[in-house]
Amino acid sequence: MKKLLASLIVMTFACTAYAQTQPTRNLEEINEDNSWLKLGLNLGVPVGDIGDYSSFALGLDVAGQFMRTDNFGLGVVSGYTTYFKKSDMPGAQNFGAVPLGLMLRYYPQPSGIFVGTDIGYTFLTGDIASDGGFYIRPQVGYHNYDWNIFAFYNQVFTSDPWADIQSIGVAATYNIRFK
């Protein structure tokens, strides 16, 4: 896990360094070419210890993104994901996750493959052993002018390592342009 986290940090800095060599956009001018609201759905499968108690996760994503350069986007992200209990687990409860984070994306082309990550803090709701913790959500996917479709790995690092929340899944977001 430490190698994964270190790799993601290196990728983030590499993308940021590369983005600095690209012409920057006017930060005072928010328009449909450089800023949009992303609304979407995600579907995940809990893995690790939480997979013993939860069968799947379903959520809503919302993000505001600004394209700092033609290839590098940043923004804020939030949403809500419900983790559904396994039906054969007596006493298990559904619980929710509300992330609040920073979104970093690298788009090599105007349409095609992209990579990115969300990092921040996730607040957990319901009957679970923790109130939340730091999260990271690396992703790779396909994008065009209107849609983003991607696969992700999500991990919430709680104060009790046995209660860390891990899931893998797919998501799709629709881009609503600012005018």
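The values are calculated or read from the model by the stated rules, or taken from the named source; none is laboratory data. From a predicted model like this one, the values you see are computed outputs, not experimental measurements. So basically every Cβ, Gly included, is an ideal-geometry build from the backbone, and we count neighbours across all protein chains shown. Surface accessibility is based on the protein's heavy atoms, side chains included, excluding ligands, DNA and RNA. Shrake-Rupley method; radii C 1.70, N 1.55, O 1.52, S 1.80 Å.
Converting phi to 3J(HN,Hα) with the Karplus coefficients 6.51, -1.76 and 1.60 and the offset θ = phi - 60°, segment 152-159 yields 9, 10, 10, 9, 10, 8, 8, 5 Hz in sequence order, with x at every glycine or proline. How many angstrom lie between the Cα centre of segment 100-179 and the Cα centre of segment 32-88? So the two Cα centres are separated by 5 Å.
If you place +1 on the Cβ of every Lys and Arg, -1 on the Cβ of every Asp and Glu, and leave all else neutral, what size is the dipole of segment 46-179 about its Cα centre, to the nearest 20 Debye? Intermediate values should be presented prior to the final figure.
Values: 7 positive and 11 negative charges, 115 e Å.
That gives segment 46-179 a dipole magnitude of about 560 debye.
Report the calculated FRET efficiency for Val76 and Ile168 (r = Cβ-Cβ distance, R0 = 25 Å), to the nearest 0.05.
On the way: r = 23 Å, r/R0 = 0.94.
According to the calculation, E is roughly 0.60.
Look at the dipole of segment 34-90 built from charges on Cβ: of Ser35, Asn71, Gly59, the Cα furthest out on the positive end belongs to Ser35. Heavy-atom accessible area with a 1.4 Å probe sorts Met103, Met89, largest first, into Met89, Met103.
Send over a whole-number figure in Å² for the accessible area per residue of segment 28-179, probe 1.4 Å.
Working: 7380 Å² over 152 residues.
The answer is 49 Å² per residue.
Here is the tail figure for segment 76-175: Cα pairs spaced more than 22 Å apart come to 35 percent of all pairs.
How much of the accessible area of segment 29-179, in percent, comes from carbon and sulfur atoms when a 1.4 Å probe is used?
Values: 4680 of 7210 Å².
That fraction is 65 percent.
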